[in-house]
1. When ASN222 is evaluated against the numbered criteria (1) in contact (Cβ under 8 Å) with a residue 24 or more places away in the chain; (2) part of a helix (DSSP H, G or I); (3) under 15 Å from ALA97 (Cα atoms), which criterion, by number, is the only one it fails?
2. How many residues does segment 167-211 contain that are on the phi > 0 side of the Ramachandran plot and without any contact (Cβ under 8 Å) to a residue 12 or more places away in the chain?
3. Step by step: first the residues of segment 323-347, then only those that are more than 28 Å from the chain's Cα centre (by Cα) and among the acidic types (Asp, Glu), then the one that is nearest to VAL313 (Cα to Cα). Which residue is that?
4. Quick test for you: out of GLU68, GLU103, GLU47, GLU88, pick the one residue that is assigned by TED's automatic domain parsing to the domain that holds VAL252, under 26 Å from GLY317 (Cβ atoms) and acidic (Asp, Glu).
5. Identify, from the list ALA44, ALA24, ALA65, the residue that is in contact with a helix residue (DSSP H, G or I) (Cβ under 6 Å, 6 or more places away or on another chain) and not acidic (Asp, Glu).
6. Confirm whether ARG239 is more than 30 Å from ALA124 (Cβ to Cβ) and part of a helix (DSSP H, G or I).
7. Taking the residues in segment 226-237 that are surrounded by fewer than 20 Cβ atoms within 10 Å (Cβ to Cβ) and touching a residue at least 24 places away in the same chain (Cβ under 8 Å) as candidates, determine which candidate is nearest to the chain's Cα centre (by Cα).
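The values are calculated or read from the model by the stated rules, or taken from the named source; none is laboratory data. Keep in mind that this is a model prediction, so the values were computed, not measured. In this analysis, Cβ positions are derived from the backbone assuming ideal geometry, glycine residues included, and neighbour counts consider all displayed protein chains.
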Amino acid sequence: MLSLTWLGALAWRMRSQLLDPVGATSTAGVVGTLGAVAAQLDQAAAELGVRTRRRSSRPGDVARALDEGRIIKTFAFRGATHLMTPDEAGVYLALRAASRMWERPSWQSHYQLAPADWPALREAVREALIDGPMTRPELAAAVASHPRFAHLAPAFTDPSATFLKPLAWRGDLSLGPLREGQLTLQRLDGNPRWSGLPHLDEAGPRAIEAYLRAYGPASADNLQYWLGEGLGVRRTLIRQWVARLDGRLCTVDVEAEPRLVLSDDVDELVAARPTSAVRLLPKYDQWVLGPGTRDVHVVPAELRSDVSRGANVVVVGGVVAGTWSLTGQAVVTSWGADAAMPAHDDLDTEVARLAEIVGRPLHRSTAGAT
C-alpha cells in the first residue's frame, strides 16, 4: 500500500479544487469540479468561492452562468440550495430522490397526499411553469386551482420550502432568478443542458468517482457524510457502489489511515509536495463542506465551531489555520492556537487578490490589534 503524508495529500486536493494553482476554467467548470457549491439566497459567498478559484473573473459571473443554463440552482445536499452543473445535478438529484421521502406515512398524513397523487401533482406544477418562472405564491395559486390540490397552497409558500424539495429532486423544477427579492421557480426541463435523472445504479458510482476526484483521498466516513448524511443514501448502497468500482479505485495509506482514491490519480498524488499556499475562502466553502467540518485533517477541532457557524476561513497548505472578516477596508484575521502561521508576504498577496475580486482596496489586520 502506498504511504502518503497529509500535507502532500492536501496539496494534491488543493490542485484538484483549483486553489493551488488557481484555475483558468469557467464558472461552470469550477462548479462542476466541486460537484456542488452551497448557495444561499444572497449568493455572495458562493460567488466568492467560485471566483477565488479562477484567475480571471467578473462580478455577476455566477448569475450569468445561471441565466445561460450552464449551472442551475436547486435543493440538494441536506435540503439546502446548491449550484450544480445540469449534468452533475442529474446525478445528485437521482440519489436524493431515491429516498422517496414523499412516501413516508408522516408526509402522506401531513400533506394529505398519497404516493399515487404525485404524478398528477407533478404534471400540474410543470404545466403551471410552462410559460416561465413563477413566485411561490403564483405557483401555489396555479396548482391550487385544481380542486384536487387546493389544500396544498400553504405548502407551496411555507418558508421552509420542504414541500418543494421532492419536486426539485425529481427534476420538475429548479430555482429561478429573484424577482423583486422573491424566490422564483422554473421548469428544469426548459434548460437544454438538462438530460434528466440517470438510473440509480449509474448515478451512485458516478457520484463516488466525482467525489474522489475533488475530495480524495477519502475515508468511508467522508463518503457517508457526503452521500449518506447529505443525500440520504443508505450506507449499504455506498458500499455496493464502492465494490463495483473496485477496478477503478485504489487504497492508499495517509499517515496510517487507509483512504480511497481513483487509480488514475495515484501518480499525481504520490508526486504532490506540501504547499504553503494561503487562501482566503468564504463561509461554507466546499473546501470544508466537502470532507465535512468533523474532518480534523482539514478543520482542526479548536476551529470547528467557528467554521460550522459560518466563519470565513484562512487556509494554509490545505489546513484551516484561522478565520477572517472584512471591517471596512481591513481583512481582519484570527488564528487558531496551534495554527501554522503563513508568511506575511504570502498573506498580503492573497489579501491583494481578494481586493481585486471584491473591487476595493484592502489591507491586512489582526484581531485585537490596535
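1. (3)
2. Residues of segment 167-211 that are on the phi > 0 side of the Ramachandran plot, as a first pass: 171, 180-181, 196.
Of the ones still in play, those that are also without any contact (Cβ under 8 Å) to a residue 12 or more places away in the chain are 180-181.
Adding up the residues that qualify gives 2.
3. ASP338
4. Numbers: GLU68 fails: under 26 Å from GLY317 (Cβ atoms); GLU103 fails: under 26 Å from GLY317 (Cβ atoms); GLU88 fails: under 26 Å from GLY317 (Cβ atoms).
When all the criteria are applied, what remains is GLU47.
5. Values: ALA44 fails: in contact with a helix residue (DSSP H, G or I) (Cβ under 6 Å, 6 or more places away or on another chain); ALA24 fails: in contact with a helix residue (DSSP H, G or I) (Cβ under 6 Å, 6 or more places away or on another chain).
One residue alone meets the criteria, ALA65.
6. Numbers: more than 30 Å from ALA124 (Cβ to Cβ): yes; part of a helix (DSSP H, G or I): yes.
Yes: the conditions hold for ARG239.
7. If we filter segment 226-237 for residues that are surrounded by fewer than 20 Cβ atoms within 10 Å (Cβ to Cβ), which is where we start, we get 228-229, 232, 234-237.
Of the ones still in play, those that are also touching a residue at least 24 places away in the same chain (Cβ under 8 Å) are 229, 232, 237.
On the way: GLU229: 13, GLY232: 15, LEU237: 21 Å.
Top of the filtered list is GLU229.
One line per residue, one yes/no per condition, for (1) assigned to a helix (DSSP H, G or I); (2) at pLDDT 95 or above; (3) touching a strand residue (DSSP E or B) at 6+ places or on another chain (Cβ under 8 Å); (4) not aromatic (Phe, Trp, Tyr):
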position	(1), (2), (3), (4)
ALA46	yes, yes, yes, yes
GLY49	yes, yes, yes, yes
ARG58	no, yes, no, yes
ALA65	yes, yes, no, yes
ARG78	yes, no, no, yes
GLU88	yes, yes, no, yes
VAL91	yes, yes, no, yes
LEU95	yes, yes, no, yes
SER99	no, no, no, yes
